Amino acid sequence: MKKAVFFIALSLIIYSCIINVPINLNGYCNNESKEEIIKKLEKQEFYSGEKNDQLFFGLSFGMNWQDVNKKLAGLKSENILENISTQYGILGASYTMNYREYSNCGRFYCFFNDNKLNELQIDTLNQNNNLLDLFIQKYGEANYIAENNENTEYHWIMGNQHLTIFKIENTNRLLIQFIDTTEKVKENNENILDKLGVCYKA
């Protein structure tokens, strides 16, 4: 009987660790940190089963370094990109974007893990007509917004994709970051289950 109770309790713990539990932003405690809130949202969305790999410039999470480099070279030949460079395994390029009434120029960076694209950062050095509005039109209101004296952070978490836009105060500049949360969420759950002596592999 004791063994049965133990296994039921263990199953409930594991279930709560890895299964999607609905989260209401209004239900967060005031004393929860930004990191704790974001970790919950990432976990909830990751286990929703939604896959969201598409990025800008025809790139997507999971592309290898060679494919990304080839894609960037093609965009350079179309005069969309320039100044492609590689440093410390990070691919970077400058761009100018004109989309409807929105225009901006800047530089973006591709980061890889195990030769797979898992992060894209875009530094909009100059933008017109508040590019942030375009993201709100596309994705709706942000899942979570955090403010400090230097910037305002807008977080959209959709499936395995975590999009953050940092609106830098007193400038006409945005920092945009796309992260694939797959390994991050799995690692967090493995750490929890390791403490319970359970081996978890998705």
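The values are calculated or read from the model by the stated rules, or taken from the named source; none is laboratory data. Please read these numbers as outputs of a predicted model, since none were measured by experiment. Cβ coordinates were reconstructed from backbone atoms using ideal geometry, including for glycine residues, and neighbour counts include every protein chain displayed.
Take the conditions (1) surrounded by 13 or more Cβ atoms within 10 Å (Cβ to Cβ); (2) not in a helix (DSSP H, G or I); L132 misses just one of them, which is (2). Residues that are more than 22 Å from L59 (Cα to Cα) and part of a strand (DSSP E or B) within segment 155-188 comprise K167, I168, listed in sequence order. For segment 119-133, the set of residues classified as modelled with pLDDT of 85 or more and either farther than 20 Å from A93 by Cβ or touching a Phe, Trp or Tyr at 6+ places or on another chain (Cβ under 6 Å) (or both) consists of E119, L120, Q121, I122, L132, D133, listed by residue number.
Any chance you could count how many residues in segment 168-181 are surrounded by fewer than 17 Cβ atoms within 10 Å (Cβ to Cβ) and charged (D, E, K, R)? So the answer is 1.
The residue that is nearest to I122 (Cα to Cα), among those in segment 159-202 that are polar (S, T, N, Q) and modelled with pLDDT under 80, is N172.
To keep it simple, each residue is scored yes or no on (1) touching a Cys at 6+ places or on another chain (Cβ under 9 Å); (2) not in a strand (DSSP E or B).
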| site | (1), (2) |
| --- | --- |
| F57 | no, yes |
| G74 | no, yes |
| N83 | no, no |
| G92 | yes, no |
| T96 | yes, no |
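What about F112, is it assigned to a strand (DSSP E or B) and either of a type in the set (F, W, Y) or without any contact (Cβ under 8 Å) to a residue 12 or more places away in the chain (or both)? Against the criterion (assigned to a strand (DSSP E or B) and either of a type in the set (F, W, Y) or without any contact (Cβ under 8 Å) to a residue 12 or more places away in the chain (or both)), F112 qualifies. Against the list (1) under 19 Å from I179 (Cα atoms); (2) not in a strand (DSSP E or B), the condition T124 fails is (2). Scanning segment 30-51 for residues that are touching a Gly at 6+ places or on another chain (Cβ under 8 Å) and surrounded by 20 or more Cβ atoms within 10 Å (Cβ to Cβ) turns up E45, F46. Scanning segment 106-133 for residues that are over 14 Å from T164 (Cα atoms) and aliphatic (A, V, I, L, M) yields L117, L125.
Table: residues versus (1) at pLDDT 90 or above; (2) exposed (fewer than 12 other Cβ atoms within 10 Å of the Cβ); (3) closer than 22 Å to I38 by Cα.
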residue: E78; (1), (2), (3): yes, yes, no
residue: T96; (1), (2), (3): no, no, no
residue: Y102; (1), (2), (3): no, no, no
residue: F108; (1), (2), (3): yes, no, no
residue: D114; (1), (2), (3): yes, yes, no
residue: L117; (1), (2), (3): yes, no, yes
residue: I136; (1), (2), (3): yes, no, yes
residue: T152; (1), (2), (3): yes, no, yes
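For E82, state whether it is of a type in the set (D, E), at pLDDT below 95 and out of contact with any Phe, Trp or Tyr (no Cβ under 9 Å at 6 or more places or on another chain). No; evaluated as a whole, the condition is false for this residue.
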